[in-house]
Each structure stands twice: as C-alpha cells, then as structure tokens.
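A short reminder: the numbers here are calculations on the coordinates, not readings from a lab. This is a predicted model, so every value here is computed, not measured. Positions of Cβ are generated from backbone atoms using ideal geometry, with glycine treated the same way; all protein chains shown enter the neighbour counts.
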Amino acid sequence: MADWTELVPYSGLVNTSGLEPRAYQLNIIRSVLSGKNSLVVLPTGLGKTLIAVFAIAKALYEGKKAIILAPTKPLSEQHYNSLLSQLRVGSESILLLTGAITGAKRKALEERAMVIAATPQTIANDLASGRLSLDGFGIVVFDECHKAVGRYAYTYVANECKLRGVQLLGLTASPGSDRRRIGALIETFGIQNIEIRGSLDGDVAPYVMGKSVYTQYVDKNPTINGILMRLKPVIDEHMMRLHSMGLSPYTAFERMPKGRLIEIGRNIDKIQAKNYKFGALLHYIYVLHLTHAYDLLATEGIYPFLSYMDALQGREKKSRSVEGLLKNLNVVEAIRLARRAQSAGEEHPKMAKLIELMAGPLKGKSVIVFVQYRSTIKRIAELLNANGVSARPFVGKKEGVTQEQQSGVISDFRSGAFRVLVATSIGEEGLDIPSVDGVVFYEPIPSEIRNIQRKGRAGRIRFGEVIILVTRDTRDEAYLMVSRVREKRMVELVYRIKESIEKGTYRFAAKEKRGQKRLL
C-alpha cells in the first residue's frame with residue numbers, strides 16, 4: 001500500500017494529515033524529486049499543487065529557497081494559502097508577492113522569505129531590476145505553464161533559472177496540441193522529464209469522480225433564418241470580390257476559418273498600391289463585420305447581434321466602409337427584423353434549451369455556464385433569473401470589474417447565495433472557483449486548452465455533467481469537431497515527445513521557418 005513515508009526525508013516538511021497517498025502522485029513526485037526540469041500534465045483537480053509542495057520541500061531540506069508562480073493574483077493567493085497549510089515551516093518564511101507591494105518593500109521581504117508565491121510579472125521585474133537574485137534558489141514552479149509563450153513573463157523567468165541552474169517544474173492540464181507550441185514550451189523550460197496522466201490511466205482512474213459529457217443540438221428558428229437570409233447575399237457579394245482580386249481562396253464565407261479571415265486582413269495591410277488597397281479594404285470590412293454579426297445571430301441570439309450592430313452604429317468615427325455597410329438595404333432590413341423579434345420576446349433556441357436544462361438534469365445543482373461573448377452573458381443571466389434560476393454574470397476587468405468584486409461574486413457562489421455563474425473565459429483558469437455539479441458550454445470553442453479547463457470545473461469532488469449546446473448548420477458544428485480532434489492530438493503528441501525525450505532522440509531545431517521554430 002502506498003505511503004507518504006516513501007518520500008522520506010522530504011515528507012517531514014509536508015503536512016499530509018488527512019491526505020490519502022495516491023499512487024500517481026507518489027510516482028510523479030518521485031520523478032520530479034530526481035532534480036530534472038519537469039513538465040507535469042495532469043487533469044484539473046487531481047492534486048498538481050501537492051506535487052509542487054513536495055518539490056519545494058526538497059529544496060528547503062537542501063537549504064535552498066523556492067518560488068511558485070501563477071498567472072493571476074487570486075491563483076497566487078490560493079497557492080500561498082496551500083503553502084501555509086501544507087508546508088511545515090513558519091508562516092514568516094512564506095511570502096505572497098504581487099505588484100501591489102512596492103519595489104523597495106519587496107526587496108526586503110524577498111531576502112527574508114524561504115518560499116515565495118507570486119505573479120510572474122512581479123518576479124520578472126525584480127529579477128530584471130536586480131532587486132531579486134536567484135542565487136540560493138533550488139526550484140521555481142510554473143503553474144498553468146502553457147502560458148509560457150512569446151514575451152510572457154514566464155519565459156523571461158525560465159531563462160534566468162536555466163542560466164543559474166535552478167530546477168524548473170511546469171504544471172498544466174493542457175499544454176496545447178500545436179507541435180511548435182509544445183516544442184517551444186519544452187525549450188523554454190529546458191524540459192528533461194515529462195509526467196503525463198489521463199483520467200483513464202490505471203493509477204489515476206480510481207480517483208476520478210467522472211463526468212458525463214454530451215452534446216445538445218438545437219435548430220435555428222424561422223425568425224433567425226429569415227434575418228440570416230438578409231445578411232448572406234451581402235457577405236457573399238464581397239467574398240466573391242475578395243476572391244476575384246486574388247485575396248481569398250474561399251468563395252463561401254461559411255467554410256472559411258476565422259483565422260484565415262484575419263490573415264486576409266494582414267495581407268491587405270501589406271498592399272502598396274493605394275487604390276487597389278482601398279478597394280480590398282472596403283470588401284474586407286464588409287466581410288469582417290457581417291460574418292461576425294452573422295455568427296452572433298446564428299449561434300448566440302438576437303440580443304448579441306443587435307448589441308454588435310448598435311456598437312458599430314455608435315462609433316464616433318466610422319470609415320466609409322462601415323458607413324456604407326450600415327446603409328445597405330439588406331443590413332437595414334436585417335436590423336429591423338431583429339428589433340421586431342426582440343420586442344416580441346423572441347430568443348435564440350439555445351436560451352430555451354438552457355432554461356429547460358436548469359429545470360431538468362441540472363435542477364438544484366451548482367452550474368457554470370461558459371459564454372464566448374460578453375453581450376450574451378447579460379442576457380442569459382437576466383433570462384435565468386426571470387425563470388426562477390438564481391444567476392449572476394461573471395466578467396473581467398475590461399467591463400470595469402475589480403478583483404475584489406470578482407472575489408465577492410465567487411465567495412457568494414461558494415456559499416450558495418446563487419447557483420448559476422454565467423462566465424466568460426475568465427472562469428476557465430486563474431481563479432479559485434469551487435467545483436461545480438455541471439458545466440454548460442453555450443457554444444463550442446476550437447481551443448483544446450480552454451475546453452479542458454472548462455470541463456475541469458465539474459466532477460472534482462463528485463460526479464459532474466458537461467453539456468455543450470450546438471446550433472445545427474452553423475460554425476458551432478465545425479468548432480465542436482475541431483476541439484475534439486485537437487484534444488485527442490494533444491495527448492498523443494505529448495506522449496510521443498515524452499518517449500523521444502526518454503530515448504534521447506528528441507531535439508528542437510532553432511532553425512527559422514516562416515518566422516517559426518520547428519520541432520523535429
């Protein structure tokens with residue numbers, strides 16, 4: 001039978017009282033304690049923090065210091081509290097460090113502390129300014145390490161660690177499915193060891209509460225179809241113009257990935273001939289705005305569609321393209337029909353399905369509804385409350401909400417003051433949101449990282465349900481398929497890289513190809 005004493009002498013520094021020794025945790029901890037730079041990929045809610053605590057305990061036992069980094073202040077606070085309860089060292093030796101503390105005070109605090117929980121930008125700033133030195137540090141833990149791309153502060157701190165021989169430990173539930181991205185992650189952290197587990201692995205399965213994941217399809221109603229038919233010919237006309245100008249390989253906007261549309265815009269920006277560029281921009285602006293409006297209406301509803309069109313209309317300075325778009329007779333009629341439908345109380349079929357779910361399989365349960373667009377969040381919260389389901393919106397700083405207000409909403413949610421949290425992507429990671437009984441995707445999203453983070457909110461301490469709402473014959477169906485393919489590819493790719501590292505055959509080429517590094 002597994003026992004914490006297997007980790008002597010470091011176990012003496014960790015408070016494991018009430019914690020069941022889990023085989024997979026012991027196996028991963030032993031691997032990390034070897035001292036190699038390690039990447040741990042483990043489903044949400046399966047104890048990555050305890051793995052970090054043991055790694056920190058080893059550093060302390062050897063007379064060295066440690067840092068644990070998290071991308072947000074609330075998550076740093078969560079790690080700080082975990083360290084206070086799980087490390088058998090004096091609380092004065094553990095420091096919570098954020099940008100709210102002035103630089104001069106941070107220097108004195110950092111010199112006294114043995115363990116620091118911090119946001120990455122704070123540590124990066126102090127390393128760059130010389131206020132903090134990594135001399136004497138044994139390990140730096142990077143939570144949500146998949147964020148270590150580009151110029152994010154994780155990258156700078158990781159490079160400093162490698163220069164000074166400090167062990168790096170990256171923790172994530174989802175490193176991504178892009179080969180180059182994972183390769184860059186491996187290189188950034190100098191990874192020598194990968195520990196990956198899935199919910200079906202033998203040493204993990206006994207501890208996974210499980211969750212059901214199913215897709216709920218809805219059909220567009222006649223009103224929405226009628227409005228869409230007003231927008232479609234306008235978009236088709238300008239798509240054909242872009243195609244005839246050699247700027248788009250697509251003639252049908254429904255088949256064009258959004259990433260490709262953005263790429264078309266970048267290519268137009270590079271055009272030198274002014275008249276040609278002006279004509280291209282005119283068509284592009286029509287396609288850009290109207291495809292977004294079309295998708296909002298088809299997959300989200302009338303309210304977000306009108307909110308977007310009102311935002312265009314409300315701009316103080318409008319380009320000639322936007323002015324022309326808003327005066328287009330088909331667009332004007334689409335807006336008129338949408339306003340009439342809204343006045344009559346018509347909604348997207350997803351709204352009715354969501355209310356039905358709350359009265360059926362999710363009745364009385366704590367639920368997070370994840371929504372892609374902020375304009376939809378307000379409407380969903382209003383409708384749920386109007387139908388006797390206590391709900392609150394949960395948005396970020398861009399909407400003027402402070403971290404203190406966010407913490408207040410989470411505290412009320414945890415206490416049961418309301419049962420449905422309607423959230424943007426801010427609810428996916430980085431906040432101490434409690435486990436819930438159910439998660440609803442108001443629409444599928446193509447990102448495998450965000451899919452895993454969302455699903456991980458349910459089924460942590462008891463069986464959970466994940467429900468994905470999909471509108472037939474819309475971009476929803478494509479995103480659903482893409483997310484499934486990417487999630488499967490991510491696991492397969494990480495296992496292949498792990499195997500090649502263990503065999504000594506892995507290498508990451510710094511050779512540039514179209515501005516990207518290549519993984520070989």
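Note: relative contact order over segment 318-432, using C-alpha pairs below 8 Å and six or more positions apart, is 27 percent. Placing a label point 7 Å from the Cα of E399 along the Cα-to-Cβ direction, the residues of segment 347-383 whose backbone N falls under 13 Å from that point are 369-383. Quick check: the distance between the Cα centres of segment 261-294 and segment 119-144, to the nearest angstrom? Comparing the Cα centres of segment 261-294 and segment 119-144, I get a distance of 43 Å. Based on the Cβ-Cβ distance of D310 and S390, what FRET efficiency does E = 1/(1 + (r/R0)^6) give at R0 = 25 Å, to the nearest 0.05? Calculated value: 0.30. Relative to the current alpha-carbon distance between S199 and D269, full extension at 0.36 nm per residue lengthens the span by 20.6 nm.
Using just its DSSP H runs of length 4 or more, each adding -39500 (n - 2.57), the chain gives a mean residue ellipticity at 222 nm of -15500 deg cm²/dmol after division by all residues. Given their separation in residues at 0.36 nm each and the Cα-Cα distance between them, K318 and A352 gain 8.6 nm when the chain is fully extended. Peptides 285-296, 404-415, ordered by how many other C-beta atoms sit within 10 Å of their residues on average, highest first, read 285-296, 404-415. Would you mind classifying segment 274-400 by shape? Square roots of the alpha carbon gyration tensor eigenvalues, ordered a ≥ b ≥ c; an a/c under 1.5 is rounded, otherwise it is prolate if a/b is larger than b/c and oblate if not. It comes out prolate by the Cα gyration axes.
Length, then width, then depth: along the principal axes, the Cα atoms of segment 222-343 run 47, 33, 22 Å. Here the simple spin-label model places points 7 Å from the Cα toward Cβ, and for K162 and D412 these points are separated by 4.6 nm. Per-residue packing, averaged as other Cβ atoms within 10 Å, sorts the ranges 392-402, 116-126, 347-357 into the order 116-126, 347-357, 392-402, beginning with the highest.
Residue separation times 0.36 nm, minus the C-alpha to C-alpha distance between E477 and E237: what's the value? List each step's numbers first, then the result.
Working: separation 240, 0.36 × 240 = 86.40 nm, distance 2.44 nm.
Taking 0.36 nm per residue and subtracting the Cα distance, the gain is 84.0 nm.
Let's test the formula: R0 of 41 Å, r as the Cβ-Cβ distance of S425 and S85. What FRET efficiency results, to the nearest 0.05? In this case the efficiency is close to 0.90. Using C-alpha pairs under 8 Å with a sequence gap of at least 6, the mean separation divided by the residue count of the chain gives a relative contact order of 16 percent. In this rough spin-label picture, where each label sits 7 Å from Cα along the Cβ direction, the L109-A23 distance is 4.3 nm.
Reported to the nearest whole Å, the Cα centre-to-centre distance from segment 327-374 to segment 8-63 is 46.
Is the shape of segment 313-386 best called rounded, prolate or oblate, per the rule: a/c under 1.5 gives rounded, else a/b larger than b/c gives prolate, else oblate, with a ≥ b ≥ c the square roots of the Cα gyration tensor eigenvalues? In terms of gyration-tensor shape, prolate.
The antiparallel fraction among DSSP beta bridges confined to the chain stands at about 10%. For segment 346-415, what does the alpha-carbon gyration tensor say about shape, rounded, prolate or oblate, given a ≥ b ≥ c as the root eigenvalues, a/c under 1.5 as rounded, and a/b over b/c as prolate? Cα axes put segment 346-415 in the oblate bin. Each principal axis of the chain carries a Cα extent, and these read 76, 58, 47 Å when sorted largest first. Here the relative contact order of segment 222-343, from alpha carbon pairs under 8 Å that lie six or more residues apart, stands at 34 percent.
When the listed pairs K258/K488; K277/K327; K162/K258 are checked against a 26 Å cut-off, the alpha-carbon distance exceeds it for K162/K258. Taking 7 Å steps out from each Cα toward its Cβ at Y214 and S244 produces label points 5.0 nm apart.
Compared with the rule-of-thumb size 2.2 N^0.38 Å for a compact globular protein, segment 381-421 has a Cα radius of gyration ratio of 1.19. Remark: for residue pairs K147/K378; K73/K498; K353/K455; K147/K455, the C-alpha separation exceeds 23 Å in K147/K378; K73/K498. No solvent, one uniform scatterer per C-alpha: report log10 I(q)/I(0) for segment 123-220 via the Debye equation at q = 0.19 1/Å, two decimals. Per q value, in the given order, log10 I(q)/I(0) is -0.96.
Of the GluC sites (Glu not before Pro) in segment 23-105, the ones in a loop by DSSP (not H, G, I, E or B) with at most 12 other beta carbons within 10 Å are E62. Between the beta carbons of T251 and R496, assuming R0 = 45 Å, the FRET efficiency works out to 0.75 to the nearest 0.05.
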